[in-house]
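Worksheet: one structure, shown below.
The values are calculated or read from the model by the stated rules, or taken from the named source; none is laboratory data. Everything numeric in this text was worked out from a predicted model, so none of it was measured. When we count neighbours, we look across all protein chains shown, and the Cβ atoms used for this are built from the backbone with ideal geometry, even at glycine. What goes into the accessible areas is simple: the full protein's heavy atoms, side chains included, and nothing from ligands, DNA or RNA. Shrake-Rupley method; radii C 1.70, N 1.55, O 1.52, S 1.80 Å.
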Amino acid sequence: MINIAVLGYGTVGSGVVEVVETNKKQLNKKTQQELNIKYILDLREFPGDPYEDKIVHDVDIIMNDPDVQIVCETMGGTGAAYKFTKAALEAGKSVCTSNKAMVAAHGTEMLEIAKKNNCNYMFEASVGGGIPIIRPLMTSLCHEYVEEIAGIINGTTNFMLTKMEREGADYAEVLKEAQKLGYAEQDPTADVEGHDTCRKISILASLMLGKTVNFEKVYTEGISKVTADDFAYAAAAGYTIKLLGTAKALEAAYDDEARAAGKAEVSVKVSSYMVPVNHPIALVNDVMNGVFVTGNMVGETMYYGSGAGKLPTASAVVADIAECAKHVGENIKVFWDAEEAKLADYLETETAFFVRTSADAADAVFEQFPDAMNIIVDGRNDAAFILPVMKEKDFVAFAEKLGDKLLGRLRIYA
Ligand code: HSE
């Protein structure tokens, strides 16, 4: 028998218990093991809960029980979660987690401890909720030179943007709804300001390169400045608006000489983008997530599914439980070193822009960018343009020149 302890009986933790119990026959059959939830750690009591008898309040009961082989860390944060994950791995217990903050900040440290103790640290649920994306990057695509990853990897903001687009819904109201549905972070600024996407794309970019992309150095913007006006122009020009995390491998990612010459290895960004409506990623709506991965041999691939919520996220944690159950006492190699990847200075990277300006700014726009495309929407008293590809720093200079005539701007994903 393989015993499991779940740390944190919140949305995801209770989902893990539900998935294991509901699908136990299938899980046991596929792993050829008998899996059992032995403990649930939480500070709270759960009177009347069907698994009330498994609740413990003292983590040492779990750490000191040699019969617990797998621990699910579904607590979130990097405080107690860090301590407990480390203790479990040091005790030779595999840890499966949905905690992207932990993975982004301490992933390589935990992988190293797992390796030393012949167990595993697994984090499929940390990116894209229920979508298998971590394992495909580590296995099916491991031989590829991955050129680019672009993903809608925050369910809350995608849910919000979809509602704003379809229903003209109010920003604050849709955020409340996302919170009620269990999609949003405890502090939803992590969702709307892009920090959650930043951690997730940094994890994916790290796996892409096999090095650490320091999420604290990633240029990050969220959706809080996206307005109904932007959506009106986006629709007229054949675009939708999505929050994307993007990671582009640069020459030095896979070229030793370029790396030795000090060139940047990867460009990583989080931003709201206008996305052409015929791009597959534009079809990812509501709480769904989608990750677009381009490899040098395989070409374009895409991974789609529920990006947040109790059961989809729990399902991904349970996928890791199954993997750990099949490899008790054996460490599965993960190619992700602590060494930091060199990030491109975002100001030197290039992108095309959409700008919304006051109506009297047209001359200034065309003077600087004769090829700018004017988007016409009848009955409006502002103006909008698609500007050609330029360096971010050049756009910053132009924005300064426009001053308060610049009403809004978005990057364009192509
Ligand atoms: N708040 C996150 C989201 C939860 O909305 O995607 C899943 O990581």
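Contact map, region 296-310: first residue assigned by TED's automatic domain parsing to the domain that holds Tyr254 and free of Cβ contacts under 8 Å to residues at least 60 places away in the same chain, second residue within 16 Å of the ligand (Cβ to nearest atom) and open to solvent by 60 Å² or more (accessible area, probe 1.4 Å), Cβ cut-off under 7 Å, separation 6 or more or different chains; the map is empty. Filtering region 127-148 for residues that are free of Cβ contacts under 8 Å to residues at least 12 places away in the same chain, within 16 Å of the ligand (Cβ to nearest atom) and not β-branched (Val, Ile, Thr) leaves an empty set. Considering each residue of region 150-168 in turn, none proves to be open to solvent by less than 50 Å² (accessible area, probe 1.4 Å), assigned by TED's automatic domain parsing to the domain that holds Ala88, within 15 Å of the ligand (Cβ to nearest atom) and part of a loop (DSSP other than H, G, I, E, B). Where strands (runs of 3 or more DSSP E) fall wholly inside region 292-410, no range has 3 or more residues that are modelled with pLDDT under 95. For region 195-229, a residue qualifies if it is at pLDDT 95 or above, part of a helix (DSSP H, G or I) and charged (D, E, K, R), and the qualifying residues are Asp196, Arg199, Lys200, Glu216, Lys217. Among residues of region 376-395 being touching a helix residue (DSSP H, G or I) at 6+ places or on another chain (Cβ under 7 Å) and free of Cβ contacts under 8 Å to residues at least 40 places away in the same chain, the one that is most open to solvent (accessible area, probe 1.4 Å) is Asn381. The sole residue among Ala87, Ala101, Ala114 that is within 15 Å of the ligand (Cβ to nearest atom), outside the structural domain of Cys198 (by TED's automatic domain parsing) and modelled with pLDDT of 95 or more is Ala101. Looking at Tyr171, Tyr183, can you tell me which residue is more than 10 Å from the ligand (Cβ to nearest atom), of a type outside the set (Lys, Arg) and open to solvent by 40 Å² or more (accessible area, probe 1.4 Å)? Answer to the check: Tyr171.
State yes or no: is Gly107 part of a loop (DSSP other than H, G, I, E, B), within 16 Å of the ligand (Cβ to nearest atom) and either surrounded by 16 or more Cβ atoms within 10 Å (Cβ to Cβ) or not hydroxyl-bearing (Ser, Thr, Tyr) (or both)? Criteria not met by Gly107.
Only one entry in Ala190, Ala235, Ala205 is surrounded by fewer than 24 Cβ atoms within 10 Å (Cβ to Cβ), of a type in the set (A, V, I, L, M) and away from the ligand (no atom under 12 Å from the Cβ), namely Ala235.
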